[in-house]
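S.K.: Dumping the structure here so I can ask a few things about it.
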Amino acid sequence: METIEQRVAFLRKKVLGLNQTEFAVRIGLKQSVVSQWEVGITPLNDKNIILICHIFKVNEDWLRYGVGEVFNAKDDPILQEIMELVEKMDEPQRHVVLNYVRWFFSEQQALIGEESLPEKGSKPASPPVGFPLEPIRPDSDPSDFIEKKRIG
């Protein structure tokens, strides 16, 4: 993705899974504005770039210049905790976590009828040993799932 317009469209569609109207509503603008950004009719101004980054926790350098990761882990306490834990793991442990996340994501997407995670190598057909065999439905509370698994 070479342009900011391409990165906005990628963020909206592929990362956030939002249509133009949903994206626009979340940032307080009209759908037509988002459409004009994405086709390059209207350039994004600094105010809107900062707004997108703030609302969606997007790395401003990634949005502006395509540098770095899409999200700032430091701005999201959950991502920050995950990163801290992963940094303590050795490479085989990291692969187990990565395989599980890929599997889990594809199962979640299958439940809601979305495309699965783009493959970077092979996607596991089943979860790694010791992980739940069914995904959490998008409308369920993860704590309910955990409690049921402990009891059952």
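Read-outs: derived from the displayed coordinates by stated rules, not from any lab. Only a predicted model underlies this, so the values are computations on that prediction, with no experimental measurement involved. Backbone-built Cβ (ideal geometry, glycine too); neighbour counts: all protein chains shown.
S.K.: Enumerate the residues in the range 37-73 having an amide nitrogen under 12 Å from the point lying 7 Å beyond the Cα of residue 6 toward its Cβ.
M.R.: Flagged as within label range: 66.
S.K.: Most exposed first by the Cβ proxy, i.e. fewest other Cβ within 10 Å, how do 34, 8, 39, 15 rank?
M.R.: So the ranking, lowest neighbour count to highest, is 39, 15, 8, 34.
S.K.: What percent of all Cα-Cα pairs in the range 1-46 falls in each 10 Å bin, counting up from 0?
M.R.: The percentages, shortest bin first, are 30, 62, 8.
S.K.: Now a separate question. Please name whichever of 19, 49, 9 sits farthest to the positive end of the charge dipole of the range 4-72, dipole taken about the Cα centre and charges placed at Cβ: Lys and Arg +1, Asp and Glu -1.
M.R.: Of the listed residues, the answer is 19.
S.K.: So, in nm, how far is label residue 21 from label residue 55 when the simple model puts each one 7 Å beyond its Cα toward the Cβ?
M.R.: Inter-label distance under the simple model: 1.6 nm.
S.K.: Here is a follow-up. Any idea how far apart residue 105 and residue 13 come out in nm if each label point goes 7 Å out from Cα toward Cβ?
M.R.: So the label points at residue 105 and residue 13 sit 1.8 nm apart.
S.K.: Roughly what would the spin-label model give for residue 42 and residue 93, points 7 Å off Cα along C-beta, in nm?
M.R.: Computed distance between label sites residue 42 and residue 93 equals 5.0 nm.
S.K.: Arrange the following residues from fewest to most other Cβ atoms within 10 Å of their Cβ: 37, 62.
M.R.: So the ranking, lowest neighbour count to highest, is 62, 37.
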